[in-house]
Structure formats: C-alpha cells, structure tokens
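Novice: Let me begin by handing over the structure; questions about it come next.
The values are calculated or read from the model by the stated rules, or taken from the named source; none is laboratory data. All values derive from a computational prediction rather than experimental measurement. Cβ atoms come from the backbone with ideal geometry, glycine included; neighbour counts cover every protein chain shown. Heads up: the accessible areas ignore ligands, DNA and RNA and are worked out on the full protein's heavy atoms, side chains in. Shrake-Rupley method; radii C 1.70, N 1.55, O 1.52, S 1.80 Å.
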Amino acid sequence: YEMTPVFNGVVHTMCKGWGVDKVGEGGGGWLKESVRTAAEGDAEFTGRLVSLATEVMERGRTQRCVLGILRSDYMLHNPATSSTTTKEEDNEEEDLHESIPLQVELNTIASSFGCLSSKITRLHQTLYPGLHNEEGDLPMNKAGENIAKGLALAVQEFVRQKESGEEGGNVEPVVVMVVQPGETNSCDQRDLEFLLQSKHNVRLIRRTLHDLATTSLPTNDRHELLLPDGDDGSSTVTAAVVYYRAGYTPDDYPSDV
C-alpha cells in the first residue's frame, strides 16, 4: 500500500512524456520514441494507436484532468531457492515466510478484479478467522470501494468544471464503462456499478466501442460525449468519466466503425 502513490506518480509522469501538445503542455517526447519500434512492427494495431495519440496531442486535449485506475500484479520470490530445487513439504511454510513480493506487471487499462479481490479477502477471513486478528497478516482489501470512490470524485470534478463554465445544462453526468460484447467478467463490473449507486449516488452505464461509434449524439460546444439513454433512447446523458474495460486487444477493433 505504501508503494501505491509512488507507482501512480511514475505512471502519471510517464504519460506526460508523449510530447508537447497544442497548448504547450507535456514532456519531451521520449515515450513516443520508446514505442516507435513496436509501432513500426505492429502497424495495424499499435501503430494506429500511436497515430491516434499523436493526433490528439497535436489537436489539443479537451479534458486535462485524468483518473488512473491501476493494478499492480505481484508474484512471490524466494532468493534462497530456485525453480529446480526439490522442496520438502515441511519447509514450504518457512519458505513462504521468507519469500518477498516482486512486481511483474502494472495494468494501466482495463484493470479488473478490484471488487472480486475484495470478496476473496473476506473469504480468507471467514476460512481462517484467526489470521486477520494479527496486525499485518491479512489486511483489509478495500479495492472495490476505493475504485468507486475515485470514479465518484472524478464525476464531482467534471460537474465542478461544468458549473464554473459559461455553459450550464441539465444533462445527467454518468460513468460510462466501455465493455466487450458478450462480456464474461460482468460480476466484477456490476459490483462496481452497485457500489457507485449505493454509496455515491452515481450512475454507471455500460457501452461497447461499437455502441459509442454508432449511437453517440452530436457533441456540444464543450465537446462532451453525449449518449442516448433509457429503454427507448429518448433521454440524454453525458459521459463524465469513461472507464475502459475494453480496447486493449486487436480483437476489440474488428472494423473501423
């Protein structure tokens, strides 16, 4: 937990390294240069994403406030052992206590299982009730609640910006979760939707990339993403926050639409 703000700061700083945008904000372009080889080797996917990012920076971003939902993945490593060492069953518990967690990945898009991992912690506390009584053995996992809180704060910031601007409007702000067609991880996603509604009175709607491309409404002067809502599509909502749980694989882009 103590390292989380540090990792978040590193990722945020790296994102600024794409290049200077239209209004003069950004880094020196080292990140763009770092992914150039990958873009050249995978022109149809990575290359097009790089081109899109460059176009956005050159045009200038409309929204300068961003929310990062990041997930660090770890595996246990014991420096005193190796994968080829035969382990005695009696030493397994001792080896576990001597192991240290090492980060193997940091997810910056479509970070999932925040809500389900919170339930797994409660499962462990139920199965082994003595563990969480000792400080540090089994800390509480509030990932789901914290993600919902972060999304709610981002919605509040969107509303604040809108109220301070010249244009008002009474279109309901919502969180738009971009999902894959036939989503199989809906349990984790729905739990986040329920947390937002029950604890923060914020609505979350689910849309695929194809939905956004084919049903979004003409934008207003604030360049908001406006979407039809309701059973008959007669009402309109505005995307205060777009939370991607899709878009990270070429399979999510079967066509240009």
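Novice: Give me the residue from the range 118-132 that is in contact with a Leu (Cβ under 8 Å, 6 or more places away or on another chain) and of a type in the set (Ser, Thr, Tyr) and, out of that set, modelled with the lowest pLDDT.
Specialist: By that ranking, first place goes to TYR128.
Novice: For the structure I just gave you, tell me whether LEU192 is in contact with a Phe, Trp or Tyr (Cβ under 9 Å, 6 or more places away or on another chain), assigned to a helix (DSSP H, G or I) and touching a residue at least 12 places away in the same chain (Cβ under 8 Å).
Specialist: yes
Novice: Confirm whether ASN201 is modelled with pLDDT of 95 or more and farther than 23 Å from MET3 by Cα.
Specialist: Here the answer is yes, as ASN201 does meet what is asked.
Novice: Would you mind telling me which numbered condition in (1) at pLDDT 95 or above; (2) in a loop (DSSP other than H, G, I, E, B) VAL155 fails?
Specialist: All conditions are met except number (2).
Novice: Please work out which residue is farthest from the chain's Cα centre (by Cα), limiting yourself to the range 38-71 and to residues that are charged (D, E, K, R) and closer than 28 Å to PHE113 by Cα.
Specialist: Top of the filtered list is ARG64.
Novice: Given the residues ASP256, ASP231, ASP251, which is the only one that is farther than 30 Å from THR46 by Cβ, of a type in the set (Asp, Glu) and either assigned to a strand (DSSP E or B) or open to solvent by 60 Å² or more (accessible area, probe 1.4 Å) (or both)?
Specialist: Unique residue meeting the criteria: ASP231.
Novice: Please go through the range 184-199 and give me each residue that is surrounded by 16 or more Cβ atoms within 10 Å (Cβ to Cβ) and farther than 16 Å from VAL242 by Cα, ordered by number.
Specialist: ASP188, ASP191, LEU195
Novice: Can you find even one residue in the range 209-216 that is open to solvent by 60 Å² or more (accessible area, probe 1.4 Å), out of contact with any Phe, Trp or Tyr (no Cβ under 6 Å at 6 or more places or on another chain), without any contact (Cβ under 8 Å) to a residue 24 or more places away in the chain and more than 18 Å from ALA148 (Cα to Cα)?
Specialist: No: the range 209-216 contains no residue that is open to solvent by 60 Å² or more (accessible area, probe 1.4 Å), out of contact with any Phe, Trp or Tyr (no Cβ under 6 Å at 6 or more places or on another chain), without any contact (Cβ under 8 Å) to a residue 24 or more places away in the chain and more than 18 Å from ALA148 (Cα to Cα).
Novice: Given the conditions (1) surrounded by 14 or more Cβ atoms within 10 Å (Cβ to Cβ); (2) in contact with a helix residue (DSSP H, G or I) (Cβ under 6 Å, 6 or more places away or on another chain); (3) at pLDDT below 85, and given that VAL20 satisfies all but one, which numbered condition is not satisfied?
Specialist: The single condition VAL20 does not satisfy is (2).
Novice: Name the pairs whose Cβ atoms lie under 6 Å apart, with the first residue in the range 45-67 and farther than 14 Å from GLY17 by Cα, the second assigned to a loop (DSSP other than H, G, I, E, B) and open to solvent by 40 Å² or more (accessible area, probe 1.4 Å), and 6 or more positions between them or separate chains?
Specialist: Correct list of pairs: GLY60/LYS22; GLY60/VAL23; THR62/HIS223.
Novice: If the requirement is being assigned to a loop (DSSP other than H, G, I, E, B), among the β-branched types (Val, Ile, Thr) and either surrounded by 12 or more Cβ atoms within 10 Å (Cβ to Cβ) or more than 16 Å from the chain's Cα centre (by Cα) (or both), which of these qualifies: VAL237, VAL202, VAL242?
Specialist: Step by step, each of VAL237, VAL202, VAL242 is checked, and only VAL202 is assigned to a loop (DSSP other than H, G, I, E, B), among the β-branched types (Val, Ile, Thr) and either surrounded by 12 or more Cβ atoms within 10 Å (Cβ to Cβ) or more than 16 Å from the chain's Cα centre (by Cα) (or both).
Novice: Being open to solvent by 90 Å² or more (accessible area, probe 1.4 Å), at pLDDT below 85, small (Gly, Ala, Ser) and more than 11 Å from the chain's Cα centre (by Cα) narrows it down to one of SER83, SER99, so name that one.
Specialist: Selected residue: SER83, the only one of SER83, SER99 that is open to solvent by 90 Å² or more (accessible area, probe 1.4 Å), at pLDDT below 85, small (Gly, Ala, Ser) and more than 11 Å from the chain's Cα centre (by Cα).
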